[in-house]
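Asker: Submitted below is the structure of interest, expressed as structure tokens.
Values in this text are rule-based calculations from the coordinates and carry no lab data. It should be emphasised that the depicted structure is a prediction, and the values quoted were computed from it without experimental measurement. Note: ideal-geometry Cβ built from the backbone for every residue, glycine included; neighbour counts use all protein chains shown.
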Amino acid sequence: MADLDAALDAAGLTNPSVRDYVRKYADLTGAERIEVVNAGDDARLVQEALDAGELLPAGEGRYYSRSHHLDTARSEERTIVATNDEKDKGVYNNWRPASEMVPLLEDRMRGASVGKTMYVIPYLMSPPGNDLAPWATGVELTDARTVVLHMIRMARVGVEHVNDVGDQFVRAVHVTGDLHNLRQGTPEDRRYFVTVGDERTILHFGSSYGGNALLGKIAHGLRQGAYDGWASKKFLAEQYMLIGIHDKETGKDYHICGGFPSASGKTNLAMMLAPDVLGDRYHVSFYGDDIAWLWVHEDGRLYGMNPEYGVFGVAKDTNERTNPTALRSVDPGTGAIFTNVAYNPNTEEVWWEGRTPSRPEDVHGWLDWTGAPIADRKDSDSSPWAHPNSRFTTTLANVPNIADDYDAPTGVPIDAIIFGGRTRDREPLIRAIHDLAEGVYDGLTLGAEATAAAEGKEGVLRYDPMSNRPFMAYGEGDYAQHYLDVVGAAAEQPIFAHVNWFQRDPEDGHFLWPGYRDNLRPLLWLLQLRNGEVTGRQTAVGIIPTADEFNLEGVDISPQDLETILSIDKERWQQEMTNREEHLRQFRDLPEAIWEAHRRVAAAVEDSQP
Ligand code: OXD
Ligand code: MN
């Protein structure tokens with residue numbers, strides 16, 4: 001490309017290592033021109049995307065996009081973590097040798113961007129100046145303008161982040177490919193989403209859906225970050241939300257992070273507001289809904305930060321009751337982008353299942369997520385208007401309760417790490433764990449109930465260790481040891497807890513706990529326990545609140561339901577311990593401390609009163 005140097009010069013991109021990398025992939029993909037992107041280019045790029053029909057207006061300062069109908073979600077089967085050492089192979093990382101995957105991906109990418117613009121997106125997946133910024137720097141190359149617009153919302157973007165980093169940046173290449181002809185989901189599937197951990201290179205081919213194409217987020221923020229955190233022995237990169245709780249009476253601030261498998265309400269929890277009756281005393285602030293990097297700072301404390309700059313949230317069931325904060329963060333004027341929801345070009349409205357109790361009554365003008373008019377549907381067609389994985393994308397600063405210090409270089413000290421899945425019985429509302437190995441063990445045995453949609457036996461969890469199953473970058477045994485080492489190095493240990501908002505009545509199926517804003521209550525109890533202000537009741541699987549030390553003012557719950565969610569079902573836990581043993585046995589080199597924790601908990605379950 002003749003004008004490549006001129007384009008890089010004009011953009012002020014001076015780092016020679018970045019320039020070499022851009023040249024290599026511009027040549028390989030055959031892109032016609034390159035354009036270096038800064039966050040300040042957003043308005044111009046939005047206008048270009050509107051002119052090209054890639055974005056449609058969704059009211060004042062909001063936009064709508066549709067992805068290809070075969071390209072709407074992450075593909076775990078096509079996602080691989082490759083390295084040059086087979087010792088990095090785990091159960092979940094789909095490990096392959098780098099020597100096999102790099103040539104294969106380069107082959108797919110060769111000539112695949114002919115006639116297109118290659119956008120160069122220099123980014124930072126941390127607050128500037130953070131301890132972990134050296135591992136958070138990257139440059140994404142993409143041939144899709146909508147990917148650029150999403151990246152500007154989801155990451156800190158600009159040449160200033162990469163000019164002075166030498167060779168220490170992640171090379172993140174995204175090539176969309178011919179989405180009509182990739183045979184997605186068939187045995188001849190041509191897509192590949194590869195992170196080459198020990199080469200700090202991400203090569204994604206065959207999708208422009210966010211989870212596959214916003215490479216700062218999942219590929220770097222989780223997989224590459226996890227690998228780097230382990231290789232450097234410095235940090236953990238986790239699929240965790242991160243919140244702050246301010247106690248106005250004592251003036252104290254607390255920070256809680258935690259992992260939840262998909263569809264377990266992680267974004268709703270992250271954006272939670274205090275219940276009205278507690279609002280005078282507590283303020284909950286938002287740091288992040290999806291990723292936290294954790295490390296021990298020189299002062300000996302465990303810190304966490306959200307590497308992202310935005311939220312890429314699932315739209316389905318987001319409404320005034322479940323998550324009003326999310327709705328405010330995509331209000332007119334926020335620059336939010338909606339993807340694959342239902343859209344009405346006449347009124348520029350968007351809608352998704354669960355947005356309102358019923359669908360818009362007047363279907364005139366409404367199009368489903370594929371662009372098909374709702375008015376033309378047969379009466380028998382009850383398929384959703386929005387894709388179940390439709391999304392909203394907005395920057396952190398749009399979230400009304402964003403923490404004042406969300407952009408501070410220090411990150412925040414972590415007081416508690418919580419795990420939670422969606423389980424209809426057995427798991428109490430909250431059980432707290434002081435011991436590090438038992439906490440890590442609990443995270444490793446995290447899971448969500450098998451549902452009709454995912455294969456699995458009723459009542460047996462689909463285990464999702466630390467909610468990282470799709471993002472595991474190296475062996476699970478090494479991961480467990482690294483987790484023990486990083487958190488174990490902190491002078492003051494965080495308290496762990498397992499939470500479950502989803503217990504149901506076995507007869508009529510109603511949820512026993514109201515959830516949403518009331519979820520703050522068990523978290524406050526957890527902090528009180530850590531402070532020694534309450535003692536709870538020790539059970540085989542952790543400390544559970546007693547009904548009287550638990551603030552229930554204004555909660556609509558019957559005494560029987562309360563008793564159920566604050567008790568342990570011995571028989572169900574005995575079954576669970578057998579399943580856990582089988583699950584953990586898959587992992588090579590699992591630390592003895594984790595096995596000891598398992599045996600300790602299993603013995604305590606056996607010894608407990610039914
Ligand atoms: C995910 C996401 O797929 O956060 O987990 O988008
Ligand atoms: Mn996620």
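Asker: What three numbers, in Å, describe the spread of the alpha carbons of the range 1-141 along their principal axes, ordered from the longest?
Answerer: For the range 1-141, the Cα extents along the three principal axes come out at 51, 38, 38 Å.
Asker: Can you give the helix-only mean residue ellipticity at 222 nm for the chain, where every DSSP H stretch with n ≥ 4 adds -39500 (n - 2.57) and the sum goes over all residues, rounded to the nearest 500 deg cm²/dmol?
Answerer: -7000 deg cm²/dmol, from helical runs alone.
Asker: May I pose another question? If you find the alpha carbon centre of the range 526-588 and of the range 309-383, how far apart are they in angstrom?
Answerer: 37
Asker: If you don't mind, another one. Using R₀ = 22 Å, calculate the FRET efficiency as 1/(1 + (r/R₀)^6) where r is the Cβ-Cβ separation of THR410 and LYS252; round to 0.05.
Answerer: Computed FRET efficiency for THR410 and LYS252 comes out at 0.80.
Asker: Explain nothing, just the number: relative contact order of the range 188-307, from Cα pairs under 8 Å at least 6 residues apart, as a whole percent.
Answerer: 22
Asker: Something else about it: How tilted is helix 520-530 with respect to the longest principal axis of the chain? Cα atoms for both, answer in degrees (0 to 90, nearest 10).
Answerer: Approximately 70 degrees, to the nearest ten.
Asker: Using the Cα centre of the chain as origin and beta-carbon charges of +1 (Lys, Arg) and -1 (Asp, Glu), tell me which of GLY371, PRO409, VAL399 is placed farthest towards the positive end of the dipole.
Answerer: In the chain, that residue is GLY371.
Asker: Give the order of ASP518, ASP42, ASP589 when sorted by the count of other beta carbons within 10 angstrom, beginning with the fewest.
Answerer: ASP589, ASP42, ASP518
Asker: Efficiency by 1/(1 + (r/R0)^6): what FRET value for THR370 and ASP505, r their Cβ-Cβ distance, R0 = 30 Å, to the nearest 0.05?
Answerer: About 0.20, to the nearest 0.05.
Asker: How big is the gap, in Å, between the Cα center of the range 238-266 and the Cα center of the range 461-496?
Answerer: A separation of 18 Å, based on Cα centres.
Asker: Let me ask something else about it. Restricting things to Cα coordinates, could you compute the convex hull volume per residue of the chain in Å³?
Answerer: Residue-normalised Cα hull volume stands at 158 Å³.
Asker: Another one. Pull out a ≥ b ≥ c, the square roots of the eigenvalues of the alpha-carbon gyration tensor of the range 184-316, then state rounded if a/c is under 1.5, prolate if not and a/b is larger than b/c, and oblate in the remaining case.
Answerer: Verdict is oblate for the range 184-316.
Asker: If you don't mind, another one. Hey, got a sec? Which GluC sites (Glu not before Pro) in the range 1-50 land in a DSSP loop and have at most 15 other Cβ atoms within 10 Å?
Answerer: GLU32
Asker: Extension gain GLU48-LYS87, at 0.36 nm per residue separation less the Cα-Cα distance, in nm?
Answerer: 9.4 nm
Asker: Projecting each Cα onto the charge dipole of the chain (Lys/Arg +1, Asp/Glu -1 at the beta carbon, about the Cα centre), which of MET305, ASN163, ASN531 comes out farthest on the positive side?
Answerer: Toward the positive end, the furthest listed residue is ASN163.
Asker: Right, here's the next one. Just in the range 506-610: which GluC sites (Glu not before Pro) are loop by DSSP and have at most 13 other Cβ atoms within 10 Å?
Answerer: Here the GluC sites (Glu not before Pro) that fit, given the DSSP loop and packing criteria, are GLU507, GLU533, GLU553.
Asker: At what distance in angstrom do the alpha carbon centres of the range 191-205 and the range 28-46 lie from each other?
Answerer: 22
Asker: Using a Förster radius of 22 Å, what is the FRET efficiency between SER380 and LEU327 based on their Cβ-Cβ separation? Nearest 0.05, please.
Answerer: Step by step, r from the Cβ atoms, then E = 0.10.
Asker: Farthest toward the dipole's positive end in the range 195-282, which of SER232, THR250, LEU222, given Cβ charges of +1 (Lys, Arg) and -1 (Asp, Glu) about the Cα centre?
Answerer: Toward the positive end, the furthest listed residue is SER232.
Asker: Follow-up. If you restrict to DSSP beta bridges whose two residues both lie in the range 160-210, what percentage is antiparallel, to the nearest 5?
Answerer: 50
Asker: Restricting the count to DSSP beta bridges whose residues both fall in the chain, what percent are antiparallel, rounded to a multiple of 5?
Answerer: 65
Asker: Looking at the range 122-230, which GluC sites (Glu not before Pro) are DSSP coil and have at most 13 other C-beta atoms within 10 Å of their C-beta?
Answerer: Sparse-neighbourhood loop GluC sites (Glu not before Pro): GLU188.
Asker: Between the helical axis of 16-29 and the dominant principal axis of the chain, each derived from Cα atoms, what acute angle in degrees is found, rounded to the nearest 10?
Answerer: The angle comes out at about 70 degrees.
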